[in-house]
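Each remark here refers to the structure printed beneath this line.
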Amino acid sequence: MQDSLHGRWMRQSLDMSNWEDASKKVREWETGVKPAEEMSVKDAIQKFLDDAQARYLSDASIGKLRFVLEKQLVAFCERNVISMMRQITFSDVIEFRKSWADNPLSASKKFERLKSFWRFCEKARWCENVTDGLKGPRVIQKPTMPFTAEEVEKILWACELYPANGIYGEGNKARMRAFVLLLRYTGLRIRDVVCLKRSALKNGKLFLRTQKTGVPVLLPLPPFVLEALEQCPAVDEKYFFWSGNGLPKSAVADWQRSFRKLLKLAGVEGHPHMMRDTFSISLLEKGVPIESVAALLGNTPAIVQKHYSPWVQSRQLALEAEVMKTW
């Protein structure tokens, strides 16, 4: 190319064979616009993950980002011969999402992670945000249901039937009982119980920061729960239920399998998080204020209101009174 640019004569090879690309580059020179950096899909993902680590996101959060981006998105791009971010279109994102086998709630959360990645790339001027305008999956929230008192009794009874396999033998029964009681009377998430340190228990009270939110929680334990912990076979001198070896994620998965086996023995349907719901709802039904329940759970009052509003005694009484006025 040879021409005058901003009053200055220049002659320079563009190293391009495509007329449209060459014309675009010349226009960028004429307008003074710096051309956007070309970024590969893999490099963009790595920079995004590096930024996530710099923001001190939890290992669990970064792991979920890695799964949808490094494992799923990269595989999709390779199948469709896509290497650069600018090559991915709105239609590609639609096809990518169609390949997921998640339920609506999981797909919704995964889609939010995908959108955060594209907002990052758009800000860096590597590509347009092709997720913009694409709506997330429709999610129907199921009502929170606790275990009944009878179901909790069945689960505790089933602890005595738990197989005496593995290195702990007969100790499995005591371990399961202590584990169930701790879930029921603390409202802790399963990961917090699995990774519970012995140092967190002092003077009959638990003090810890929850893994998910980092919020400090102080919980008094009933005497029978303290007794169950004392009778629980020692796994590690630092932890109650974890050896300290391997990843916490793997230990949690092991305990989830054990809990499912226990529920099957008890003839009860459910999952570990229902113990957290049981703890919360038992307090709300007794008239404990939302703010107090939120503090014990390590949540905000808004979250408690969202998940447990039908069980808030004061609110339910007010609703019943409104209905009775219409009689």
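The values are calculated or read from the model by the stated rules, or taken from the named source; none is laboratory data. The shown structure was predicted, so the numbers you read here are calculated from the model rather than taken from an experiment. As a convention, Cβ positions derive from the backbone with ideal geometry for all residues, glycine included, and neighbour counts pool all protein chains shown.
List of remarks:
- Residue that is surrounded by the fewest Cβ atoms within 10 Å (Cβ to Cβ) [pool: residues in segment 109-152 that are without any contact (Cβ under 8 Å) to a residue 60 or more places away in the chain and among the β-branched types (Val, Ile, Thr)]: Ile140
- Residues (buried (at least 19 other Cβ atoms within 10 Å of the Cβ) and at pLDDT 80 or above) located in segment 297-327: Leu297, Gly298, Asn299, Val304, Tyr308
- Helices (runs of 4 or more DSSP H) contained in segment 1-90 and holding at least 3 residues assigned by TED's automatic domain parsing to the domain that holds Arg113, more than 27 Å from Leu114 (Cα to Cα) and modelled with pLDDT under 95: 19-31
- Residue in segment 177-184 that is at positive phi and surrounded by 12 or more Cβ atoms within 10 Å (Cβ to Cβ) present: no
- Filtered residue count, segment 96-108, keeping only those that are of a type outside the set (Lys, Arg) and free of Cβ contacts under 8 Å to residues at least 12 places away in the same chain: 4
- Residue within segment 281-293 that is crowded, with 18+ Cβ neighbours inside 10 Å, modelled with pLDDT of 85 or more, under 22 Å from Leu182 (Cβ atoms) and within 22 Å of the chain's Cα centre (by Cα) present: yes
- Filtered by the rule that a residue be modelled with pLDDT under 85, farther than 17 Å from Ser108 by Cα and of a type in the set (S, T, N, Q), segment 128-154 gives a lone residue, Thr144.
- Being at pLDDT 95 or above, small (Gly, Ala, Ser) and farther than 15 Å from Val130 by Cα is a property that does not hold for Ala101.
- Within segment 191-218, residues that are assigned by TED's automatic domain parsing to the domain that holds Pro248 sit with their Cβ atoms under 7 Å from residues that are among the acidic types (Asp, Glu) and buried (at least 19 other Cβ atoms within 10 Å of the Cβ), at 6+ positions apart or across chains, in these pairs: Leu208/Asp192; Thr210/Asp192; Gln211/Asp192.
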